[in-house]
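Okay, structure first, notes after.
The values are calculated or read from the model by the stated rules, or taken from the named source; none is laboratory data. Because the structure is a prediction, the values reported are computed rather than measured. Here the Cβ is made from the backbone with ideal geometry for all residues, glycine too, and neighbour counts use every protein chain on show.
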Amino acid sequence: MKESTLYIVPPKQIHLAILMDGNGRWAESRGLPRSAGHRAGVEAVRRIVRAAPSFGIDALTLFAFSSSNWQRDPQEVGALFGLLEKFFFSEAATAAQHDVRISAIGRRDRLPSTMLAAIESAESATAGNTGLDLRIAVDYSGREAILRTACWMVSSTEVTQREFSRRLAEVTHTPEDLPSRDVDLLIRTGGEQRLSDFLLWECAYAELYFTERMWPDFTAADLELAIRDFRGRDRRFGAVPASVASVSAS
Ligand code: FPP
């Protein structure tokens, strides 16, 4: 692919999901507390949110707090929540400038009231923005979302995948007017190669990209590398490539 085409005519808008791993190790390798890694992680979030639209990304889902993360030291959980609350408030204040719509996906019934207030205020302040749909996953579990949707559906005789996706978005509190979106590209930083219960249904045909880079070090240049790699992939969704199809038809 020619370099210039990457920015000028993106073939299709991308839903990018990121597992922002490596904050703790980044901090520990510098003799800092883990919370310093999360703080540096917020800076990386800001960099990537600003850069995303120039790479053809119109939806960005970030895994900020997994339902499994409740098992962490309450001090670390408290520090993370503090950073998240601040982020929701400060991003909402500048979101109009960057045309970013902010929402949270996941459970809301276990969140502290201050976090809920921060989420609701960011969602209502940015509801009219259309440039980038930024979804922050907080107290999110893909498996639990599927299970809750399945329970809801138990009395239905026939359920289409589209209807299931719609209900799944509902149980994770995705705003009603935002369509449920399949993930196109999933990036995981920090060197591990697993999904860790993130967007299991939505990632059915996602391209996966793993990098050793720790999240606080992740830059727009790293994102560009990942997008370049993604653009070079042959996404067939289970079909055969067009070239093979035309040969076998003749
Ligand atoms: C995983 O790294 C990362 C998290 C559990 C939290 C991610 C949160 C942020 C980047 C900051 C806040 C987010 C937003 C959207 C403002 P880890 O701590 O498990 O790292 P480790 O594997 O090195 O221990």
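Considering (1) free of Cβ contacts under 8 Å to residues at least 12 places away in the same chain; (2) within 6 Å of the ligand (Cβ to nearest atom), the lone condition that LEU62 does not fulfil carries the number (1).
Taken as a whole, the range 114-130 holds no residue that is on the phi > 0 side of the Ramachandran plot and at pLDDT 95 or above.
Here SER103 meets the list (1) out of contact with any Lys or Arg (no Cβ under 6 Å at 6 or more places or on another chain); (2) touching a residue at least 40 places away in the same chain (Cβ under 8 Å) almost entirely, failing just condition (1). The residue that is nearest to ASN69 (Cα to Cα), among those in the range 166-198 that are polar (S, T, N, Q) and at pLDDT below 90, is THR174.
Evaluated against (1) in contact with a helix residue (DSSP H, G or I) (Cβ under 8 Å, 6 or more places away or on another chain); (2) modelled with pLDDT of 95 or more; (3) assigned to a helix (DSSP H, G or I), SER68 falls short on exactly one condition, (1).
Is it true that some residue in the range 118-132 is under 27 Å from ARG39 (Cβ atoms), of a type in the set (S, T, N, Q), assigned to a loop (DSSP other than H, G, I, E, B) and free of Cβ contacts under 8 Å to residues at least 60 places away in the same chain? Looking for residues that are under 27 Å from ARG39 (Cβ atoms), of a type in the set (S, T, N, Q), assigned to a loop (DSSP other than H, G, I, E, B) and free of Cβ contacts under 8 Å to residues at least 60 places away in the same chain, one finds at least one in the range 118-132, hence yes. For the range 194-216, a residue qualifies if it is surrounded by fewer than 16 Cβ atoms within 10 Å (Cβ to Cβ) and within 13 Å of the ligand (Cβ to nearest atom), and the qualifying residues are ARG194, SER196, GLU212. Is at least one residue of the range 88-110 assigned to a helix (DSSP H, G or I), more than 12 Å from the ligand (Cβ to nearest atom) and among the β-branched types (Val, Ile, Thr)? For the range 88-110, residues assigned to a helix (DSSP H, G or I), more than 12 Å from the ligand (Cβ to nearest atom) and among the β-branched types (Val, Ile, Thr): present.
Of the set (1) modelled with pLDDT of 95 or more; (2) away from the ligand (no atom under 15 Å from the Cβ), all apply to GLU163 but (1).
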